[in-house]
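Down below is the structure, laid out as structure tokens.
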Amino acid sequence: MRLVLLGPPGSGKGTLGNMFAQSKNIPHLSTGDMLRKEMAGKTLLGEKIAPIVNAGKLIPDGLMIDVLKHRLAQKDCAGGFVLDGFPRTTAQGVALDTMLSQLRMELDAVLLFNVSKKEIVRRLSGRRVCIQCGKIYTVDYAKGVCEKCGGRLGVREDDKPEVVEKRLEVYERQTEPLIGYYREKDVILEINGEQPPEKVLKDVLAILK
Ligand code: AP5
Ligand code: MG
């Protein structure tokens, strides 16, 4: 199964992507997680992108496309993958089509998560993430340390209210055009993301049957 998850910040792409990938035993490729790992490790790339990510803007297409090209060519992607956070611009969508055709692969579906702005703002103000493994929590359920790896839980720099506003604006301007791009290819499946995560997963599994 080769899936793209599309939807605004906070629509649950990471949460569902992780659950779905585990249930199918395929990799969950989150470009946001990849970039945050570089930032946490203070690598050359991490230092370069940190100001852009922390301001809620997109990093340049060319850089992102190179990262993805490298990742998709790895062996563990041969049996399928869940792409979360890529593509995010039409140029990235076109590049993904080229990459996949070179690898003789096709997308099975693009899942579009619908969640209201009010709910997005509520969720992002209460999100906590493990700074070690990236596991996502909601503040009400978080115990201070990660139940998976014991790492410390923190708040994402880009979950500050003013940066969330910026990310939503960037989504509307730069990412929403991709919806039209994929509608023309007739691969979009719409998901009601404003339900408990287990119900979202159930709907996704049902619609993909
Ligand atoms: P990225 O990490 O991809 O951020 P995003 O798209 O803004 O999405 P989020 O991760 O904020 O939300 P999500 O949809 O994953 O929701 P989650 O499951 O966490 O990107 C970050 C940055 O990296 C970008 O701004 C950009 O700078 C850069 N970047 C990344 N990819 C790029 C690219 N391709 N090109 C250029 N730049 C790129 O859920 C959110 C919260 O809600 C959590 O607390 C969770 O517990 C809770 N929740 C989830 N589902 C539910 C539910 N069903 N019910 C109730 N609560 C829920
Ligand atoms: Mg995410």
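Any read-out appearing in this document is the output of simple, stated calculations on the displayed coordinates, not a laboratory observation. It should be emphasised that the depicted structure is a prediction, and the values quoted were computed from it without experimental measurement. Reconstructed Cβ throughout: ideal geometry from the backbone, glycine too, with neighbour counts over all protein chains shown.
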Using just the helices of the chain, give the 222 nm mean residue ellipticity in deg cm²/dmol: DSSP H runs with n ≥ 4 each add -39,500 (n - 2.57), and the total is spread over all residues, rounded to 500.
-14000 deg cm²/dmol
Any idea what the relative contact order of the chain is, in percent, if you count C-alpha pairs under 8 Å spaced at least 6 apart?
31
Filter the cross-link list Lys57/Lys117; Lys13/Lys143; Lys13/Lys42; Lys69/Lys143; Lys117/Lys143; Lys135/Lys166 down to pairs whose alpha-carbon distance in this structure exceeds 30 Å.
Lys69/Lys143
Quick one: putting +1 on the C-beta of Lys and Arg, -1 on the C-beta of Asp and Glu, what dipole do you get for the chain around its Cα centre, in Debye to the nearest 20?
560
With an 8 Å Cα cut-off and a minimum separation of 6 or more residues, compute the relative contact order for region 1-78 in percent.
19
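List the trypsin sites (Lys or Arg not before Pro) within region 36-134 that fall in a DSSP loop (any state other than H, G, I, E or B) and whose Cβ has at most 11 other Cβ atoms within 10 Å.
When the trypsin sites (Lys or Arg not before Pro) of region 36-134 are filtered for loop state and at most 11 Cβ neighbours within 10 Å, Lys42, Arg104 remain.
Using Stokes-Einstein with the Kirkwood hydrodynamic radius over Cα pairs, what translational diffusion coefficient do you get for the chain at 4 °C and a viscosity of 1.567 mPa s, in µm²/s rounded to a whole number?
The Stokes-Einstein estimate is 74 µm²/s.
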Per the rule of 0.36 nm per residue minus the C-alpha distance, extending Asp66 to Val145 adds in nm 25.1 nm
Find the eigenvalues of the gyration tensor of the Cα atoms of region 53-177, then list the square roots of 5 times those eigenvalues as equivalent ellipsoid semi-axes, largest first, in whole angstrom.
28, 20, 14
What is region 80-176's relative contact order, in percent, from Cα pairs under 8 angstrom and six or more apart in sequence?
24
For the chain, the charge dipole (Cβ of Lys, Arg +1; Cβ of Asp, Glu -1; about the Cα centre) points to a positive end, and the Cα of Gly10, Pro87, Leu103 closest to that extreme belongs to Gly10
